[in-house]
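So the structure is just underneath, and the comments pick up after that.
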Amino acid sequence: MADLAALAEALIKGDRNTVTELTQAAIAEGVAPKDILEQGLIAGMNVVGRCFKNNEIYVPEVLIAARAMKSGMAILQPKLTEAGVEPIGTVVLGTVKGDLHDIGKNLVGMMLGGGGLAVVDCGTDVSPEKFVQACKESGAQVCAMSALLTTTMPQMSSVIEAIQASGIEVKTIIGGAPVTQSFADEIGATGYAPDAASAVDVCKELMGVA
Ligand code: B1M
C-alpha cells in the first residue's frame with residue numbers, strides 16, 4: 001500500500017533516494033499522480049516552508065529538500081502531463097537587471113514549484129522588456145522579482161512601469177534582502193514577501209487560489 005505520508009516525510013528529511021523509491025512505488029500501485037503530488041511531495045514541501053519561515057531549518061536543509069522534490073517530480077511530471085493535471089498558476093521569476101544574486105531567487109522558485117505553481121525562471125540580470133515578454137508568452141498571473149542590491153531595487157519599479165505600459169494583466173511580487181513592504185507600496189507592487197515560503201502564500205493570494 002503506497003505510503004504518501006512516508007513520501008512527505010522523506011522529502012522533509014531531504015532523502016532523495018527514498019523519495020524516488022516511494023514515488024515509483026506509488027505510481028506502480030496505480031495511485032493517482034495528483035494524489036502523489038498533493039499528499040506526498042507538496043505536503044512535504046509545505047512543512048519545509050513552514051519550518052524555514054519559523055527559523056527551525058535553514059537554507060541548506062531547504063536546498064536538500066528541494067533536490068529531493070526535484071527527483072520525485074522528474075518521475076511524476078510525465079504522469080501528471082498524461083493525466084492532464086495542470087499547475088494551479090504560473091509565475092514569471094527573475095532577478096532584476098544589473099543584479100547577479102540568485103540564491104534567494106532560486107529558493108523562491110523551488111518553493112513555488114513545491115507549492116504546485118509553474119515557474120518560468122528568467123534567471124538573473126533580467127531587463128523589464130524580458131520580464132514583460134516572458135509574462136506575455138507564458139500567460140503568467142504573477143511576475144516575481146528579486147533584488148539584493150540597493151542600486152538595483154529601482155529596476156523593480158521599471159518592470160512595473162513596463163508591465164503597465166504593455167497593457168498585460170499581471171500581478172507583481174517583490175522580495176530580496178533590502179526590499180521592504182513600504183518599498184513595495186511606494187512603487188505600486190501588488191505583493192511583497194520577506195522569505196521564500198511566504199512568497200508562495202502571497203503568489204497564491206494574488207492568484208486567488210490561497
Ligand atoms: Co553580493 N552583496 N555582491 N554577492 N552578496 C550582498 C547582497 C551585500 C549585502 C554584501 C555586503 O556588502 N554586506 C552587498 C549589497 C549591499 C547593498 O546593496 N546594500 C553585496 C554587494 C555590494 C555585491 C557586489 C556589488 C560586490 C562587488 O562586486 N563589489 C557584487 C554585485 C554583483 C551583481 O549582482 N551585479 C556582488 C556579488 C556577489 C557574488 C557574485 C560574489 C555572490 C552572489 C552569488 C549568487 O547569488 N549566485 C554574492 C553573495 C553570495 C552575497 C551575500 C554574501 C549573500 C546573498 C545570499 O545569497 N543570501 C550578500 C550578503 C548577505 O546577505 N549576507 C551579498 C542568501 C539568500 C538565501 O538570501 O537572497 O536575501 P536572499 O533571499 C532570501 C530573502 O531575501 C527572500 O527569500 C530568500 C530566502 O528566504 N527573497 C525573496 C529573495 N528574493 C525574493 C523574491 C521574492 C520574495 C522573497 O518575491 C519575488
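What follows draws every value from the coordinates through simple rules; no lab data is involved. These numbers were taken from a predicted model, which means no experiment stands behind them. Note: ideal-geometry Cβ built from the backbone for every residue, glycine included; neighbour counts use all protein chains shown.
Multiply the residue separation of T20 and Q77 by 0.36 nm, subtract the distance between their alpha-carbon atoms, and state the gained length in nm to one decimal.
In short, 19.3 nm is gained.
Subtracting the Cα-Cα distance from 0.36 nm times the residue separation, let me have the gained length for D35 to R50 in nm, one decimal.
My answer for the length gained is 3.3 nm.
For the chain, what relative contact order do you get, as a whole percent, if you take Cα pairs closer than 8 Å and at least 6 residues apart?
18
Roughly how big is the range 90-207's charge dipole about its Cα centre, with Cβ charges of +1 (Lys, Arg) and -1 (Asp, Glu), in debye to the nearest 20?
140
Would you kindly state the longest site-free stretch of the chain, with sites defined as GluC sites (Glu not before Pro) in a DSSP loop (not H, G, I, E, B) surrounded by at most 16 other Cβ atoms within 10 Å?
Value returned for the longest uninterrupted segment is 57-168.
Please work out the C-alpha center-to-center distance from the range 67-90 to the range 160-210 and express it in whole Å.
Cα centroid of the range 67-90 versus Cα centroid of the range 160-210: 25 Å apart.
Per residue of the range 193-199, in order, report the coupling 6.51 cos²θ - 1.76 cosθ + 1.60 (Karplus, θ = phi - 60°) as ³J(HN,Hα) in whole Hz, putting x for Gly and Pro.
Result, rounded to whole Hz: 9, x, 8, 5, 5, 5, 4.
With the Cα gyration tensor of the chain in hand, give its eigenvalues times 5 under a square root as the equivalent ellipsoid semi-axes, listed largest first in whole angstrom.
Calculated on Cα positions only, the semi-axes equal 32, 18, 13 Å.
Can you give the convex hull volume per residue for the Cα atoms of the range 1-124, as a whole number of Å³?
Looking at the range 1-124, the number lands at 96 Å³ per residue.
Gaussian network model of the chain, Cα springs within a sub-10 Å range: biggest mean-square fluctuation belongs to which of Q77, Q155, Q141?
Maximum fluctuation in the GNM of the chain, among the listed residues, is at Q77.
With axes computed from alpha carbons, what is the tilt in degrees of helix 16-28 against the longest principal axis of the chain, rounded to the nearest 10 within 0 to 90?
Compared with the principal axis, the helix lies near 70 degrees.
When a/c reaches 1.5 or more, the comparison of a/b and b/c decides; with that in mind, is the range 90-207 rounded, prolate or oblate per its Cα gyration tensor?
It comes out rounded by the Cα gyration axes.
Beyond 30 Å between alpha-carbons counts as too far, so tell me which of K13/K97; K53/K97; K79/K204; K13/K204 fall in that bin.
Pairs exceeding the cut-off: K13/K97.
When the helices in the chain are scored as -39500 (n - 2.57) per DSSP H run of 4 or longer and the sum is shared across all residues, what 222 nm value do you end up with, to the nearest 500 deg cm²/dmol?
So the helix-based figure for the chain works out to -17000 deg cm²/dmol.
Using unit Cβ charges (K, R positive; D, E negative) and no other charged atoms, how large, in debye to the nearest 20, is the dipole of the range 4-82 about its Cα centre?
260
Once the dipole of the range 90-207 is set up with Lys and Arg at +1 and Asp and Glu at -1 on Cβ about the Cα centre, which of T180, G116, Y192 lies farthest towards its positive end?
Farthest towards the positive pole: G116.
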